[in-house]
1. If you take the residues in segment 155-186 that are in contact (Cβ under 8 Å) with a residue 40 or more places away in the chain and small (Gly, Ala, Ser), which one is nearest to Gly125 (Cα to Cα)?
2. In segment 115-146, which residues are touching an Asp or Glu at 6+ places or on another chain (Cβ under 7 Å) and modelled with pLDDT of 95 or more?
3. Could you count how many residues in segment 33-65 are over 12 Å from Pro85 (Cβ atoms) and outside any loop (DSSP other than H, G, I, E, B)?
4. Name every residue in segment 167-179 that is more than 22 Å from Ala104 (Cα to Cα), touching a strand residue (DSSP E or B) at 6+ places or on another chain (Cβ under 7 Å) and more than 16 Å from ligand 1 (Cβ to nearest atom), in order of residue number.
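The values are calculated or read from the model by the stated rules, or taken from the named source; none is laboratory data. Everything numeric in this text was worked out from a predicted model, so none of it was measured. Don't worry about glycine lacking a Cβ; one is built from the backbone with ideal geometry, like all the others, and counts go over all protein chains shown.
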Amino acid sequence: MYKQTILTSVLSLLSPALALPLEPRDTPEFTITSLGATFPYPGVYGVDSVNSFVNVAVTYPDASSTSDATLNTTCRVDWPAGTNPGPTEWTACANPALQFRLPADGWTATTNFRVELFEELASNGAGLYATHILTSNPGNSSDPNAYMFCLQMGKFNPLTCTLTGPWGQSPRTVVMSTTNENGRPN
Ligand SMILES: *[C@@H]1O[C@H](CO)[C@@H](O)[C@H](O)[C@H]1NC(C)=O
Ligand SMILES: *[C@@H]1O[C@H](CO)[C@@H](O)[C@H](O)[C@H]1NC(C)=O
């Protein structure tokens, strides 16, 4: 409690100073700050029928702010046991201002998929869009999309993925530049 209070007050002192040297951002960003996922892992070590999910935490521009303020939300898709994880339709995030999809073009494996995010800004449907490929690729540390680390531990457990780089060393974030769109992509 004590430590947290100190940390919070140090951060609140630092934030304005840190913000000053930055240029105003011309391109708004979405940032995936964390990811949790489980997938089936068939074979003698794993389990081939589990409740699978992908859950991401996202920081996105606060549409009502004039000073680059951001909001946080989480976006989650689920596949019940017995269903193969695969592409999804657009799904509302916990804050429905933001929507999330894992589209068919880009989904090549349960640990290699494209993420799309869309924030509706206007009543005519216009908004901000961004997309990024996320892969787990421990064999290739120069893969620019290898943000995920997926691990299966112990018998009868699913494959579990986090956003900790090709070897699970340290938490990563995925910063995505947005584009202005007239509507949510089909
Ligand atoms: C949003 O999430 C980020 C990353 O977890 C965190 O650093 C930040 O404090 C959060 N902001 C708010 C307003 O909760
Ligand atoms: C590793 O990833 C880089 C970047 O995507 C690619 O150019 C290279 O061919 C990959 N190497 C292997 C061995 O797959």
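1. Initially, segment 155-186 is screened for residues in contact (Cβ under 8 Å) with a residue 40 or more places away in the chain, giving 155-163, 171, 173-185.
Remaining after also requiring small (Gly, Ala, Ser): 177, 183.
Numbers: Ser177: 19, Gly183: 5 Å.
In this case the residue turns out to be Gly183.
2. The initial filter retains those residues of segment 115-146 that are touching an Asp or Glu at 6+ places or on another chain (Cβ under 7 Å), namely 126-129, 131, 135, 137.
Ala126, Gly127, Leu128, Tyr129, Thr131, Thr135, listed by residue number.
3. Initial filter on segment 33-65 (over 12 Å from Pro85 (Cβ atoms)): 33-36, 42-47, 55-65.
After this cut, where a residue has to be outside any loop (DSSP other than H, G, I, E, B) as well, the list is 33-36, 46, 55-61.
Residues meeting the conditions: 12.
4. If the condition is that a residue be more than 22 Å from Ala104 (Cα to Cα), touching a strand residue (DSSP E or B) at 6+ places or on another chain (Cβ under 7 Å) and more than 16 Å from ligand 1 (Cβ to nearest atom), then Trp167, Gly168 are the ones that fit.
Condition check ((1) touching a strand residue (DSSP E or B) at 6+ places or on another chain (Cβ under 7 Å); (2) within 16 Å of ligand 2 (Cβ to nearest atom)) across all residues:
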position	(1), (2)
Gly106	yes, yes
Arg114	yes, yes
Leu128	yes, no
Lys155	no, no
Thr164	yes, no
